[in-house]
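Reading through the structure tokens given below for one structure.
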Amino acid sequence: MGAGMLKFVTLEQEHPDKRAPALRRRDWGEVYEDFQPEAAADQAARCSQCGVPFCQIHCPVSNNIPDWLMLTAEGRLEEAYEISSATNNMPEICGRICPQDRLCEGNCVIEKGFESVTIGAVERYITDTAFRNGWVKPPKPRAERPQSVGIVGAGPGGLTVAEELRRMGYQAHVYDRYDRVGGLLIYGIPNFKLEKTIVQRRADLLIEGGVHMHLNVEVGRDCSLAELRAQHEAVVIATGAYKARDVSLPGIGLGNIFQAMDYLTASNRKGLGDAVPAFDDGTLDASGKNVVVVGGGDTAMDCVRTAVRQGARSVRCLYRRDRVNMPGSMQEVRHAEEEGVEFVWLSAPEAVLGDATVEGVRAVRIHLGVADASGRQTPQPIPGSSYSIDADLLIKALGFDPEDLPTFFGEPTLKTTRWGTLLIDWRTMMTNLDGVFAIGDIVRGASLVVWAIKDGRDAARSIHRYIQANADERDGVREAAA
Ligand code: FAD
Ligand code: SF4
Ligand code: SF4
């Protein structure tokens, strides 16, 4: 073990400086400042270098956390970066937005009795330092290979598989219906969690490394999956899950009621400097409004905190379960509360009130009953407990399902699960169509960035094996014929 580790006994957990809520409410900057080098080294040195590191076991990409913590503690940051980037294509992004309390940090053994090592903040610090020092290089293959792979979707899953394939020398072509690279990293997740420049610099590196980006191309409309299959040796579907879940309530058809992604995309586009008519005319701008967001996941958290920054008069989050049972990250809830969001726990909407546009929501209080088959307590309305709250803007953040891709792609034989996600063989990440692979939210349902990255890495290895096996077979046939 490196000298000077195990400092958790004498040194308390400290995160990088957190910007004051009053400041955060007024701008779109990230919540945390950068770690100062000394503080990062000290915090990394709190690690006890476990023989069986539970942090690593619970990190989806199996980051070699103890090693890069020790190197950071010793000030050997370039080596720390080498190790950290060997297992993760976007460590600075995961360090910012992984729900660490449920993954690595939540499973750090010193969490019991002491506070965990601040793994995410150190991971972010290592890669931000690497970028500043020019250690992060575009993917550079040792030799070019003639075969190409078509990747549908430029989110974290698609970008990861493109980078990994490029490193192996394949020609990687990414197709996306959007006008920018990044998927939900750019149009879903707001700036205060992940600055757009952080995503942009990743995209720039890939382009510099020879990844071809074909933007404003919607597969299924502008070209077909069959065309991509004919053009490339393999195809990867990394299209995410965008079909918003809805709720059926009296009054739900009134004006000023929107889906979370419409609201967040408008706000993100505005931040990027685009003209957004539905925002510019005030429709999707929460400024001066009483905003109610329904839902309890990460998307709902992003909506309420966006509304605060747009200058809403009041922001309430209505969720039918309680704080302990909400799917969103606890850290996000704390940030939102500090910024002035009111959480109305154990409440569900019953009806939307108003004439032409929403003026209020009638909600009912909920009692959590016995656990269902999934182990979660079932929400039950308490009779006679209805009450009304004011709302001029209602945002539905109730989760996402996958689009019906077999229909959209005109590939009726493409197999899906009963949840509509693409069915793959998890050993190869291949769908039932030969040479067509799938990764990320389109196979997992709405999930996490780090899982999309893991899938991208696994798929790249599998695609390499697939292409090589086909090449060997072709060579064998040629030799036999000669
Ligand atoms: P996506 O990021 O969705 O990318 C899919 C891409 O495919 C998009 O660019 C889309 O335009 C493109 N596409 C779709 N269909 C087509 C087509 N037919 N032709 C061409 N292109 C197409 N995860 C976290 O880990 N931490 C968080 O804090 C977090 N916050 C979130 C906040 C919000 C508001 C949302 C919605 C999600 C959040 N997530 C978070 C989840 C995370 O963003 C996703 O799990 C992740 O982005 C999935 O990656 P992906 O590559 O599978 O898909
Ligand atoms: Fe933790 Fe996510 Fe980093 Fe893994 S990738 S170490 S889970 S922050
Ligand atoms: Fe260090 Fe915690 Fe991981 Fe153990 S579980 S190696 S103490 S970070």
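What are the equivalent ellipsoid semi-axes of the chain, built from the alpha-carbon gyration tensor (square roots of five times its eigenvalues), in whole angstrom, biggest first?
Values: eigenvalues 282, 194, 89 Å².
They are 38, 31, 21 Å, listed largest first.
Out of the total accessible area of the chain (probe 1.4 Å, heavy atoms of protein only), what percent is carbon and sulfur?
Details: 10690 of 20940 Å².
Summing carbon and sulfur atoms, their accessible area is 51 percent of the total for the chain.
Just to make sure I understand: if all protein chains stay in place, what is the order of Cys104, Cys50 by accessible area at 1.4 Å, largest first? Before the final figure, lay out each step's value.
Numbers: Cys104 15, Cys50 40 Å².
Largest accessible area first, the list is Cys50, Cys104.
At 0.36 nm per residue, minus the direct Cα-Cα distance, what do Asp27 and Arg461 gain on full extension? Give it in nm, one decimal, please.
Details: separation 434, 0.36 × 434 = 156.24 nm, distance 4.18 nm.
Value of the extension gain: 152.1 nm.
For the stretch 316-456, what is the relative contact order in percent, using Cα pairs closer than 8 Å and at least 6 residues apart in sequence?
Working: 199 pairs, mean separation 19.7, N = 141.
Relative contact order for the stretch 316-456 comes out at 14 percent.
Out of all DSSP beta bridges with both ends in the chain, state the antiparallel percent to the nearest 5.
On the way: 21 of 54 bridges.
For the chain, the DSSP antiparallel bridge percentage is about 40.
Quote the FRET efficiency, to the nearest 0.05, computed for Ala351 versus Lys270 with a Förster distance R0 of 41 Å and r equal to the Cβ-Cβ distance.
Efficiency computed from Cβ-Cβ geometry: 0.85.
Which whole-Hz couplings ³J(HN,Hα) result when phi for each residue of the stretch 25-38 is put into the Karplus expression 6.51 cos²θ - 1.76 cosθ + 1.60, θ = phi - 60°, listed in order with x for Gly and Pro?
Once θ is set to phi - 60°, the couplings for the stretch 25-38 become 4, 9, 9, 10, x, 5, 6, 9, 6, 6, 5, 7, x, 5 Hz.
Residues in the stretch 394-419 near a label at Arg102, defined as backbone nitrogen under 15 Å from the 7 Å Cα→Cβ point?
398-400, by backbone N distance to the label point.
Want the number for Arg323 to Ser386: 0.36 nm per residue separation, take away the alpha-carbon distance, what's left?
Working: separation 63, 0.36 × 63 = 22.68 nm, distance 2.04 nm.
Between Arg323 and Ser386, full extension yields 20.6 nm more.
What are the ³J(HN,Hα) couplings of the stretch 464-481, residue after residue, when phi is run through the Karplus curve with 6.51, -1.76, 1.60 and θ = phi - 60°? Round to Hz, x for glycine and proline.
These are the phi-based 3J(HN,Hα) values: 4, 4, 4, 5, 5, 4, 5, 5, 4, 4, 4, 4, x, 5, 4, 4, 4, 6 Hz.
³J(HN,Hα) across the stretch 80-91 via Karplus (A = 6.51, B = -1.76, C = 1.60, θ = phi - 60°), whole Hz, x for Gly/Pro?
Each residue of the stretch 80-91 in turn: 4, 5, 3, 6, 5, 7, 6, 10, 9, 7, 9, x Hz.
Mind listing the long-range amide H neighbours of Glu350? Cut-off is under 5 Å, sequence gap 5 or more, other chains count too, H placed in the peptide plane at 1.01 Å from N.
When sequence neighbours closer than 5 places are left aside, the close amide H contacts are Arg362, Ala363, Val364.
Below 8 Å between Cα atoms, with a sequence gap of 6+, how large is the relative contact order for the stretch 419-481 in percent?
Numbers: 51 pairs, mean separation 16.3, N = 63.
Worked out over the stretch 419-481, it gives 26 percent.
Can you pick out the pairs among Lys18/Lys289; Lys140/Lys454; Lys289/Lys396; Lys18/Lys454 whose Cα atoms lie more than 24 Å from each other?
Details: Lys18/Lys289 28 Å; Lys140/Lys454 21 Å; Lys289/Lys396 16 Å; Lys18/Lys454 30 Å.
Long pairs (Cα-Cα over 24 Å): Lys18/Lys289; Lys18/Lys454.
Whose amide H sits under 5 Å from the amide H of Glu403, counting only residues 5 or more places off or on another chain, with H placed in the peptide plane?
Tyr242, Lys243
Sort all Cα-Cα distances of the stretch 134-185 into consecutive 5 angstrom bins from zero, then give the percent of pairs in each bin up to the one containing the longest distance.
Pair shares across the bins are 5, 22, 25, 22, 16, 8, 1.
By how many nm would the segment from Glu337 to Asp425 lengthen if fully extended, with 0.36 nm per residue of separation less the alpha-carbon distance?
27.4 nm
Under a 5 Å amide H to amide H cut-off, with H placed in plane at 1.01 Å, what residues pair with Gln380 once short-range neighbours are removed?
His367, Leu368, Gly369
Would you compute, from DSSP H runs of 4+ residues alone, the mean residue ellipticity of the chain at 222 nm, taking -39500 (n - 2.57) per run and dividing by the full residue count, rounded to the nearest 500? Kindly include the intermediate steps, with their values, before the conclusion.
Working: 18 runs with 171 residues, N = 482.
Theoretical 222 nm ellipticity from helices: -10000 deg cm²/dmol.
Please report the spacing between the Cα centers of the stretch 237-257 and the stretch 421-476 in Å, no decimals.
Cα centres, the stretch 237-257 to the stretch 421-476: 30 Å.
Accessible area per residue, 1.4 Å probe, Å², for the chain: what's the number? Please report the intermediate quantities before stating the final value.
Values: 20940 Å² over 482 residues.
On a per-residue basis, 43 Å².
One quarter of the convex hull surface, Cα atoms only: what value does that give for the stretch 419-482 in nm²?
Directional mean of the projected Cα hull area for the stretch 419-482 stands at 4.6 nm².
Using only alpha carbon pairs under 8 Å that are at least six residues apart, calculate the relative contact order of the chain and give it in whole percent.
On the way: 970 pairs, mean separation 70.4, N = 482.
Averaging sequence separation for qualifying contacts and normalising by length gives 15 percent for the chain.
The values are calculated or read from the model by the stated rules, or taken from the named source; none is laboratory data. All values derive from a computational prediction rather than experimental measurement. In this analysis, Cβ positions are derived from the backbone assuming ideal geometry, glycine residues included, and neighbour counts consider all displayed protein chains. To get the accessible areas, we keep the full protein, side chains included, count just its heavy atoms, and leave off ligands, DNA and RNA. Shrake-Rupley method; radii C 1.70, N 1.55, O 1.52, S 1.80 Å.
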